[in-house]
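The values are calculated or read from the model by the stated rules, or taken from the named source; none is laboratory data. Because the structure is predicted, anything quoted here is derived from the model rather than measured. All Cβ positions, even for glycine, are placed from backbone atoms using ideal geometry, and neighbour counts span all protein chains on display. Ligands, DNA and RNA are stripped out before the accessible areas are found, and what is left, the full protein with its side chains, is counted by its heavy atoms. Shrake-Rupley method; radii C 1.70, N 1.55, O 1.52, S 1.80 Å.
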Amino acid sequence: MNENLFASFAAPTILGLPAAVLIILFPPLLVPTSKHLINNRLITTQQWLIQLTSKQMMTMHNTKGRTWSLMLVSLIIFIATTNLLGLLPHSFTPTTQLSMNLAMAIPLWAGTVVMGFRFKTKNALAHFLPQGTPTPLIPMLIIIETISLFIQPMALAVRLTANITAGHLLMHLIGSATLALSTISLPSTLIIFTILILLTVLEVAVALIQAYVFTLLVSLYLHDNT
C-alpha cells in the first residue's frame, strides 16, 4: 500500500511524459468486436446489453434526440470500463480527475443547450421565468435559473468524481487496516478482510451505476432541449 493516501490519484508518467492519454484510450480496446456472421456468446451478450441500455435511454426521446444514441452508448461504455479498470491493483482511474469529467460534461451539456435554443427557443427561454412569477421577483428568478443552468455540468462532473474517489479512499483505508491488523489479531483481520471484499463488490456496482447515472442525466438534459 502507498503511504500517501492520495498517491493513487496522481496522474502517472512514463519517462517523465504523462501517460493519462494512453490510459484513457485503453478501455475502448477491451470492447470486443466481430465481423463474423454468427457471433460468440461474449459478443452476443455485449450486443444485448447495449441494445437494452440504448432502448431504455432512447425511449423518451424524439427523432432529433435519438440521433445522440451512438454517443450516449459510447459514453456509458467508456465510463463503465474506465471505472472498472480503476479497481484493479496498481491502476489509475481517469474518472477520479475532475478535469477529465468536466471535459466530458461541459461539451455534452453545451450541445444539449445549443440544441434547445436552436429548435425550442421559446421553451428554452421559458425555463428562466416560470409562469405566474410576481414582477418584483423576475430579476432574481432569472439570475437563479441562469446560475442553475450553468451549474449542471459542474454537478455532473463533481458527482462522478466524488463517488469514485470516495470509494477508492475507503478501500485504501480498509486495505491498510487489514495489513496493520494481520500481525496483531487474526480474527480481526478476517473480519476486516471480509468487509473489504464486500466493499469491493459494492464498488463494482457503484462503477456501473455512476456510468449509468452520468449518461442518464445527459440524456435527460437532451430530452429537455429537443
Among residues of the stretch 43-76, those that are open to solvent by less than 40 Å² (accessible area, probe 1.4 Å) and either assigned to a loop (DSSP other than H, G, I, E, B) or of a type in the set (V, I, T) (or both), counted: 6
Note on the stretch 77-88: residues open to solvent by less than 20 Å² (accessible area, probe 1.4 Å) and either in a helix (DSSP H, G or I) or among the polar types (S, T, N, Q) (or both) are I79, A80, T82, N83
Filter the stretch 117-144 for residues that are open to solvent by 70 Å² or more (accessible area, probe 1.4 Å) and of a type in the set (K, R); which is nearest to Y221 (Cα to Cα)? R118
In the stretch 161-180, what residues are of a type in the set (S, T, N, Q), closer than 16 Å to F193 by Cα and in contact with a helix residue (DSSP H, G or I) (Cβ under 8 Å, 6 or more places away or on another chain)? T178
If you check A162 against the conditions, is it among the small types (G, A, S), at pLDDT 85 or above and assigned to a helix (DSSP H, G or I)? yes
What is the residue count in the stretch 183-207 for residues that are within 18 Å of the chain's Cα centre (by Cα) and buried (at least 16 other Cβ atoms within 10 Å of the Cβ)? 3
With the first residue restricted to the stretch 205-217 and required to be without any contact (Cβ under 8 Å) to a residue 24 or more places away in the chain and of a type in the set (A, V, I, L, M), and the second required to be surrounded by 15 or more Cβ atoms within 10 Å (Cβ to Cβ) and part of a helix (DSSP H, G or I), Cβ contacts under 9 Å at 6 or more apart or on different chains are I209/N163
Flag for M1 being over 15 Å from T81 (Cα atoms), touching a Ser or Thr at 6+ places or on another chain (Cβ under 9 Å), modelled with pLDDT of 75 or more and not in a helix (DSSP H, G or I): no
Within the stretch 166-182, identify whether any single residue is open to solvent by less than 70 Å² (accessible area, probe 1.4 Å), at pLDDT below 80, under 30 Å from L72 (Cα atoms) and in contact with an Asp or Glu (Cβ under 7 Å, 6 or more places away or on another chain), and answer yes or no. no
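Residues are listed down the side, and each one gets a yes or a no for (1) modelled with pLDDT of 85 or more; (2) out of contact with any strand residue (DSSP E or B) (no Cβ under 9 Å at 6 or more places or on another chain); (3) under 23 Å from M71 (Cα atoms); (4) charged (D, E, K, R):
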residue: L108; (1), (2), (3), (4): yes, yes, yes, no
residue: T133; (1), (2), (3), (4): no, yes, no, no
residue: L141; (1), (2), (3), (4): no, yes, no, no
residue: I147; (1), (2), (3), (4): yes, yes, no, no
residue: P187; (1), (2), (3), (4): no, yes, no, no
residue: V218; (1), (2), (3), (4): yes, yes, yes, no
When the stretch 72-92 is examined, which residues are found to be of a type in the set (A, V, I, L, M) and touching a residue at least 12 places away in the same chain (Cβ under 8 Å)? L72, V73, L75, I76, I77, I79, A80, L84, L85, L87
